[in-house]
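These notes are about the structure you will find just below.
Computed from the coordinates by the stated procedures, all read-outs in this text should not be read as laboratory data. No experiment lies behind these values; they were computed from the predicted model shown. Backbone-built Cβ (ideal geometry, glycine too); neighbour counts: all protein chains shown.
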C-alpha cells in the first residue's frame, strides 16, 4: 500500500484529534482500497485484457480516472489488438474470411498506436480503430495509468469518517496501540457507511462489481 490518505496535518481539518495514531489512518486507507477493489487510489499502472462486443469498437476500462504519470503524456501506455476466430453470431463474409486467413490474423496480437485511440478519462471508454485490413478487433490488451494525482477532500473525508466509525463501534474492540486490519474488514459493512460510499463511488473499479 502507498501513502496513507490522511497526514497528521490534515487531522484538524477532517475532525480527527491530533493524537490520532497512524495505525488508524493506515487501516482506514487499506479499507478504502479494498472497498474500491484496487491496490491504490494514487496514479499507478494497470493492464487489462478486454473483449469487444460484436459490432462495437469501444471498451470500458475498470479503473478511473485515467491519468498520466507525467504531464503532457497519455494515460494509454500501450495497446494491442487481435482478431480471433469469430464467436457465435459473428459471421464474416466469405471475402473477409479469405483476408483473415490469408494474413494469419486469428490469434495474433498486433500493436495499436495509442495516439489512434480515443478515450474519455472520466468514464474510461476507449474507442479502438479498425485494423489496417479494415477488420474490427474483437479483443484488446490495454496498459494504462489511472488514479488521483492529488488525493482530494472526498477521499480524505472518507478516510476520516471510517476512523470515526471504527472508534465508535464498541464491538470492534480495537485498542489505540494496535489496529486489527482483519477485524476492520469484518466490520467493513458498517464502517464504510452510505456517506463514505458516496464519497468513494467514482473510484470503485467498474467491471469488478
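A few points about this structure:
- Cα centroid separation, the range 28-51 to the range 1-25 (Å): 21
- Residue order, fewest to most surrounding Cβ atoms within 10 angstrom, among 26, 73: 73, 26
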